[in-house]
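Quick notes on the structure that follows.
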Amino acid sequence: MGAKDTSTIGHNRPVSQRLHPFVYKAIFALAVVFLLGVWEFAGDEYTGYLIAVVAGLVFVALALPFVLWRIRRSHRRRGRAEESDAPEKETFGDWAAGDFQGWQDREKAGNAAVEVLLPIAAVAFGMVAFSIVSSFT
């Protein structure tokens, strides 16, 4: 009665190479939370200018993937039926229960979503925490 060899156990979880649209919406929401947290520091005209530059950079970082997604979606509608729209219609829970195939390895999709959202969430909530502390001092 030794340890069970888990490498021989198969599973039938679906594999996705794309993130669920909910993950992109969460990234956008966290970027807005970050900008709201940063805006607390807008005191004088120079700080306001720098915050406007940061807001512009965040806008560009969000706009580029959105524009690329729209271009891809319009090309797919023109008749190139290489991929179906079914992955976009599945719920986040169904997607998270499956696997995500990244560049280097395959992992559980829910873990991939956490790994994608963790850096922006840490920055956004950290900036909100700085803003709260700054308002009390």
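What follows is calculated from the coordinates using simple rules that are stated; it is not laboratory data. From a predicted model like this one, the values you see are computed outputs, not experimental measurements. Heads up, the Cβs are rebuilt from the backbone with ideal geometry, glycines too, and the neighbour counts pull from every protein chain shown.
Extending each Cα 7 Å along its Cβ direction at K108 and T47, get the distance between those two points in nm, one decimal.
4.3 nm
Using the C-alpha atoms of the range 26-137, what convex hull volume per residue, in cubic angstrom, is computed?
Value for the range 26-137: 132 Å³ per residue.
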